[in-house]
Amino acid sequence: MGNCFSDVKGGQQAIGGTGAGEGHNDAVDFFFKARGQQPLYTPIQLSLSASKLLDCDITSKSDPMAVVYSKKRDGKLEELGRTEVILNNLNPAWVRKINITYQFETVQTLIFHVYDVDTKYHNVPVKELQLKNQDFLGEASCVVSEIVTKRDRSLTLNIKASHGLKNLGTLIVHAEETAVSRNVVEMTFHCKNLENKDLFSKSDPFLRISRFMEMGGLIPICKTEVVNNNLNPVWKSVCLTMQQFMSKENPLLIECFDFNSSGNHVLIGKLQKSISELETLYRSKAGANLISPSSGLGHHEKVLQGKIFIERYVEKQMYSFLDYISSGFELNFMVSVDFTASNGNPQSPDSLHHIHPLGHLNAYQQAILEVGEVIQFYDSDRRFNAWGFGGRLPNGSVSHCFNLNGSLTDFEVEGVEGIMAAYASALRNVVLAGPTLFGQVINKAAEIAAHSVSCRHAKYYVLLIITDGVITDLQETMDSLVRASDLPLSILVVGVGSADFKAMEILDADNGRRLESSTGRIATRDIVQFVPMRQVLHNGGGSVVQALLEELPSQFLSYVRSRDIIPLNADPANEADS
């Protein structure tokens, strides 16, 4: 993604997002990322209530307080917050919220401790209370994903003693996003009769939109793509969030530049309008003249022939990742494992497929377990598709898409543990062969996703491919990915072992250039994330699953937004054109 504050890096790419048929909105994504609020890191508030708590007081009822912890990978607890103390109540509904950050790509375990606060500490601020001096009423636990995937984002937990099974009441946890207004305005701009700034060709115009700050100065909030060699350009739609323009009456500066690869873009003309005025411009079907850059607005302005028009103006809701998954959208997990001979004989300790007798995970098991542990909470039935490729089956044939569980008809397994068991079983029954071909597996996943679309299922598919080598069918794979880019599908590729994976990075469009098929068709959107496991671990970049899943919420949103798909519980009336 380009940078709103620089027109050099990213060249001619837009920072203004795109319309209904073009993919996700980079300006919106940039805005949220800059504030830690993109779908990947969403601030949410937890509301807590309990019922039938243990009564530890003799002459009255318990005075309960809840403390919320995050359980780290090393098992240590980090306190996230405390509720207030509610006096004399075994069915408390605490008012104080607990703020946490929802992270899609990690399993976030929450631990809830409930205490009865002794009467003599009632005048002590809750933050200063020594918990060891209070009566422990029990604990409960869950992962954040279990809460946010519920239709009402509420989860009921049993409160138990630290090491007992006795039910000590229930705790209800409710989650709400704390993001501000989701209102956005989508507009399509075009210009006529722009002044030519080039000698041997026509200008290459783009628009930049900035907001005036109260204390002076400008904040760039949006940029269109560049339209080459055109004095009457029509740009792709841009979306501006309420957070960006603040108010429909707030003045915005719209500047039209002639793009230069050096970064020294030439200002063609500018215009000052509020969102409200742009809406009026759209309704009147009239154009507004640009002002010469040599003149200050309002001071001996030189009006240019070039005009800006608003072709489309829509006010709508920009729904978040959580809006979709809590409304019933599911992520369906698929996995495909490389059974080519370059992995080494599974019987050898040096093999990437070696099953350690003491239970240490090999790279394939680690990738399956880490990604599966995250995705499983977003799939209600937890039945996952599992395949292998590049292996010689018991009948002697080499297959590039066979069912990991050995079944001829059923490629689904139960849960992450089912994938792990099917993988171990396949290693005993399938001979490693080759070559490394992705095309058939991707086509199979695309076929399932396409069937889901035809049945109008609220599903999005995530295919994990784990491989140790460079693919042999690069062009066929690219063709398959371009075709699949229209479908509710993302593909995660993990490279294991010591192979040179540079060629694999072609599949991952992080350089801003979308894949192109052999027929010249450009991918609708980027659906691939490639991560070499060795590089992530060597660079100390955290877990492989975090690197793999960091783009998945944005890829999901790019799909649903490009098709104007709204959450299942949303009001379609909010999506009508103005």
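The values are calculated or read from the model by the stated rules, or taken from the named source; none is laboratory data. Just so we're clear, the structure is a prediction, and the values are computed from it rather than from any experiment. Glycine gets a Cβ as well: all are built from the backbone with ideal geometry, and neighbour counts include every protein chain shown. Each accessible area value is taken on the protein alone, full model and side chains, heavy atoms only, with ligands, DNA and RNA left out. Shrake-Rupley method; radii C 1.70, N 1.55, O 1.52, S 1.80 Å.
Can you name the residue in the stretch 554-578 that is more than 22 Å from residue 513 (Cβ to Cβ) and assigned to a helix (DSSP H, G or I) and, of all such residues, is modelled with the highest pLDDT?
Among those residues, the one meeting the criterion is 560.
Among the residues of the stretch 239-283, write down those that are at pLDDT 90 or above and among the β-branched types (Val, Ile, Thr).
Matches in the stretch 239-283: 254, 266, 268, 275, 280.
Considering 389, 377, which residue is buried (at least 22 other Cβ atoms within 10 Å of the Cβ), touching a residue at least 24 places away in the same chain (Cβ under 8 Å) and closer than 18 Å to residue 461 by Cβ?
Going through 389, 377 in turn, just one is buried (at least 22 other Cβ atoms within 10 Å of the Cβ), touching a residue at least 24 places away in the same chain (Cβ under 8 Å) and closer than 18 Å to residue 461 by Cβ: 389.
Give the stretch 251-272 a look and list any residue that's over 15 Å from residue 202 (Cα atoms) and either in contact with a Ser or Thr (Cβ under 6 Å, 6 or more places away or on another chain) or of a type in the set (Phe, Trp, Tyr) (or both), or say none.
251, 253
Test each condition in (1) farther than 30 Å from residue 104 by Cβ; (2) touching a Gly at 6+ places or on another chain (Cβ under 9 Å) for residue 223 and report the one that comes out false.
(1)
State all residues of the stretch 298-310 that are out of contact with any His (no Cβ under 6 Å at 6 or more places or on another chain), open to solvent by less than 70 Å² (accessible area, probe 1.4 Å) and modelled with pLDDT of 85 or more; if no residue qualifies, say none.
In the first step, residues of the stretch 298-310 are kept if they are out of contact with any His (no Cβ under 6 Å at 6 or more places or on another chain); the result is 298-308, 310.
Imposing the further condition that a residue be open to solvent by less than 70 Å² (accessible area, probe 1.4 Å) reduces the set to 298, 304, 306, 308, 310.
Listed by number, the residues that qualify are 304, 306, 308, 310.
Can you pull out the residues in the stretch 145-201 that are of a type in the set (A, V, I, L, M), closer than 30 Å to residue 259 by Cβ and open to solvent by 80 Å² or more (accessible area, probe 1.4 Å)?
199
Can you find even one residue in the stretch 123-145 that is among the β-branched types (Val, Ile, Thr), touching a residue at least 40 places away in the same chain (Cβ under 8 Å) and either within 30 Å of residue 544 (Cα to Cα) or assigned to a strand (DSSP E or B) (or both)?
The answer is yes, given that some residue of the stretch 123-145 is among the β-branched types (Val, Ile, Thr), touching a residue at least 40 places away in the same chain (Cβ under 8 Å) and either within 30 Å of residue 544 (Cα to Cα) or assigned to a strand (DSSP E or B) (or both).
Working carefully through the options 423, 460, find the one that is part of a helix (DSSP H, G or I), open to solvent by less than 10 Å² (accessible area, probe 1.4 Å) and among the aromatic types (Phe, Trp, Tyr).
Of the residues listed, the single one that is part of a helix (DSSP H, G or I), open to solvent by less than 10 Å² (accessible area, probe 1.4 Å) and among the aromatic types (Phe, Trp, Tyr) is 423.
Pull out all pairs, ordered by first then second residue, where Cβ-Cβ is under 8 Å, the residues are six or more apart or on different chains, the first lies in the stretch 270-289 and is open to solvent by 40 Å² or more (accessible area, probe 1.4 Å), and the second is polar (S, T, N, Q).
Hits for this filter: 289/305.
Given (1) within 27 Å of residue 347 (Cβ to Cβ); (2) under 26 Å from the mean Cα position of the chain (by Cα), identify the lone condition not met by residue 414.
(1)
Against the condition on the phi > 0 side of the Ramachandran plot, modelled with pLDDT of 90 or more and more than 17 Å from the chain's Cα centre (by Cα), how does residue 540 come out, does it pass?
Working: on the phi > 0 side of the Ramachandran plot: yes; modelled with pLDDT of 90 or more: no; more than 17 Å from the chain's Cα centre (by Cα): yes.
Answer is no for this residue.
What are the residue pairs meeting all of these: first residue in the stretch 73-101, first residue open to solvent by 80 Å² or more (accessible area, probe 1.4 Å), second residue not in a strand (DSSP E or B), Cβ atoms under 6 Å, and 6 or more apart or on different chains?
Matching pairs, first to second residue: 87/63; 88/60; 88/61; 96/83; 96/84.
Sort out which residues of the stretch 464-484 are part of a loop (DSSP other than H, G, I, E, B), surrounded by 21 or more Cβ atoms within 10 Å (Cβ to Cβ) and of a type in the set (A, V, I, L, M, F, W, C), and write them in order of number.
Scanning the stretch 464-484 gives a single hit, 471.
Of all residues in the stretch 70-117, count the ones that are of a type in the set (D, E, K, R), modelled with pLDDT of 90 or more and over 21 Å from residue 373 (Cα atoms).
4
Among what's in the stretch 311-336 and is in a strand (DSSP E or B) and open to solvent by 10 Å² or more (accessible area, probe 1.4 Å), pick the residue that is nearest to residue 386 (Cα to Cα).
In this case the residue turns out to be 332.
Take the stretch 321-340 and flag every residue that is modelled with pLDDT of 95 or more and more than 24 Å from residue 448 (Cβ to Cβ).
Selection gives nothing.
Each row is one residue, and each column tells you yes or no for (1) of a type in the set (Asp, Glu); (2) modelled with pLDDT under 95; (3) within 18 Å of residue 330 (Cα to Cα); (4) within 22 Å of the chain's Cα centre (by Cα).
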{"residue": "446", "(1), (2), (3), (4)": "no, no, yes, yes"}
{"residue": "450", "(1), (2), (3), (4)": "no, no, yes, yes"}
{"residue": "463", "(1), (2), (3), (4)": "no, no, yes, yes"}
{"residue": "470", "(1), (2), (3), (4)": "no, yes, no, no"}
{"residue": "473", "(1), (2), (3), (4)": "yes, yes, no, no"}
{"residue": "488", "(1), (2), (3), (4)": "no, no, yes, yes"}
{"residue": "495", "(1), (2), (3), (4)": "no, yes, no, yes"}
{"residue": "499", "(1), (2), (3), (4)": "no, yes, no, no"}
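Taking the criterion of being of a type in the set (Phe, Trp, Tyr), touching a helix residue (DSSP H, G or I) at 6+ places or on another chain (Cβ under 6 Å), over 30 Å from residue 447 (Cα atoms) and surrounded by 18 or more Cβ atoms within 10 Å (Cβ to Cβ), would at least one residue in the stretch 247-258 satisfy it? Break it down stepwise before answering.
As a first pass, look at the stretch 247-258 and keep what is of a type in the set (Phe, Trp, Tyr): 257.
Still in the list and also touching a helix residue (DSSP H, G or I) at 6+ places or on another chain (Cβ under 6 Å): none.
No.
All but one of (1) under 30 Å from residue 457 (Cα atoms); (2) more than 28 Å from the chain's Cα centre (by Cα); (3) hydrophobic (A, V, I, L, M, F, W, C) hold for residue 331; which doesn't?
Only one criterion is unmet by residue 331, namely (2).
Quick check on residue 551: is it out of contact with any Leu (no Cβ under 7 Å at 6 or more places or on another chain), of a type in the set (D, E, K, R), crowded, with 19+ Cβ neighbours inside 10 Å and at pLDDT below 85? Show your work before the answer.
Numbers: out of contact with any Leu (no Cβ under 7 Å at 6 or more places or on another chain): yes; of a type in the set (D, E, K, R): yes; crowded, with 19+ Cβ neighbours inside 10 Å: yes; at pLDDT below 85: yes.
Judged against the criteria, residue 551 is a match.
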